[in-house]
Structures are given as structure tokens and as C-alpha cells.
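Heads up, the thing below is written out as C-alpha cells.
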Amino acid sequence: MKADFAFRTSAVSDITPALLAIGREAFPQALIGALRRVADVGHCMVFSFAGARSAACLLDVGNIPTGRDLGVAYSEHFHRADPNRDAVFEGQAQGAPIVLPTFARRMYDDSYRKIFFDDSDIVDKFASAIWVDDTCFYVNFYRITAQGRFTRDQIARLTAVAPAVSAAVARHFQHDAEPDIDPMQRLKALFATAEPLAILTGREKEVCLRILCGLSSEAIAAELGIGLHSALTYRKRAYDKLGISSQNELFAIVLRLMALAHRLN
């Protein structure tokens, strides 16, 4: 149990820079950098569906030179032939991130395989999606032949971070860029004013802010000048008040509050 908690905490901590870059021009590079730390992802593409007939490529970043062309081809035609399509639209009613079926070449027809895998040198793929109202954000992670397929451990790490990554992507593309706003100041404002974060004590907020920045319990204790036991106690008290048990759930609360603040603005 402790090993699994440490594994998931490590994986989610790796994507912290991307979460802090939401709404900023640096987001694409922060995202691919985070995904490479998590599972050596080579390329990431994000598509949106605003109904069953249309698709758009929102993000194309990584090591596939033809990524832009693939984005256009998928958006104009091939989204209709994507074998993940049914799972994406069936998940619309869930209201939660969707982790899509494991990649297998046989899932795709000949023309799709030729363009999206053979000609583009893609050897493996992992995908997730999230619906926000009537819009779906469909996130695809790729590896090319030189990297080899995702290992079992890498798939487990991607599965652990997929909900947070999907929510972060959706939040970013709903968000007007605010390059002059310090992301840490934005987080501090949430903790100061937004329920349920505002119910935490000052020390509990300080610990949670550092958790969101990817610091370990040991690093948090050292930075705040307190003992490790105290840092763990503050974390437990904060999680109990928030009704959560993991770093991933803390990210989910913050992302939900950020999205709500955007709608109110």
C-alpha cells in the first residue's frame, strides 16, 4: 500500500509544472516535459469534439515532425474512424475523466494505420478524455519506434496522472492566457477565498501549496522549518477536512475551483 501511494504521488508530482503553467504560453512545453518525466512520452496531441460531427486539433507538441499534418487529417476526416470514438462519446454522461482502451494496431483500419502509425513512425499510443459541458478534450500520448512501446510501469504511471492531465488540458483551453499572473499567486488566492480550501488553517494551507508544487514531505518540513511528523500531521488534517486521501484529489479540487472562477469571471 505504501509503495503504491509513493508511486502515485511521484507520478502526479511530475506533472506539477504543467498544472502551474495552465493559461500561460509555456503550457505546451511544460506539458510535454512533464509527460516525458512521467513515462517518456514522445509526442502529445489534444483534440476537441464539440458534437459528433466536428473535431479540432488544439495542441501538437513533441517529436513527430508531421504532427501538424496529422492534426489536420484527424480533424477533417479520420476522427470518424477512431476506434476510441465510441468510448469517448459513451463517457459523456460520466462527468469524470476517461482512460481509453489500450492501443492495438488491429483496432484501426488500413488507411488509418498507414497515415497515423506507419508513415508517422508511431509505435504506441495512450489516450484519455474529459467532457466539460458539451465539449470533449481528447488527449493522446505517443511514442515513436526509436523509443519503443510503453512499458507496463509507464502505462501505470500514465493511468495515475491521466485524470489530472485531462483536467489540466481542459482548464488550459478554457482559459484566456494570463501571462502576467503568477500561478503561485493564483493558487494562494484560491486558498484564501475559495471553499473548501479556505477552511484550512494557515499551516495546512502552506503544506498543501507545497504539495501542489511537487515537494516531498521531507522538503516541505525543511522549507517550513518544522519536523517531518508535523508536516505529515498537517497534511493529514488538511486531507481530512477536504474529504480526500491523495495528492491527485487535491489537484482535482484546485482544478475544479480554477474552472469555476473562470466561469464567474
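The values are calculated or read from the model by the stated rules, or taken from the named source; none is laboratory data. Computed from a prediction, not measured in an experiment: that's the story for all the values here. Cβ: placed from backbone, ideal geometry, glycine included. Neighbour counts: every protein chain shown.
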Within segment 168-221, considering residues that are crowded, with 19+ Cβ neighbours inside 10 Å and in contact with a strand residue (DSSP E or B) (Cβ under 6 Å, 6 or more places away or on another chain), the one modelled with the highest pLDDT: V169
Qualifying position, being of a type outside the set (A, V, I, L, M, F, W, C), in a helix (DSSP H, G or I) and over 17 Å from D14 (Cα atoms), among E249, E223: E223
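Could you check segment 225-251 and list, in sequence order, the residues that are of a type in the set (S, T, N, Q) and more than 13 Å from K205 (Cα to Cα)?
Taking segment 225-251 and keeping what is of a type in the set (S, T, N, Q), we get 230, 233, 245-248.
S230, S245, S246, Q247, N248, listed by residue number.
With the condition being surrounded by 19 or more Cβ atoms within 10 Å (Cβ to Cβ), small (G, A, S) and modelled with pLDDT of 90 or more, I'd like the helices (runs of 4 or more DSSP H) fully within segment 1-115 carrying at least 1 qualifying residues. Spell out how you get there, then give the answer.
Values: elements: 2-14, 16-20, 27-39, 67-76, 85-90, 110-113.
The qualifying helices (runs of 4 or more DSSP H) are 27-39, 67-76.
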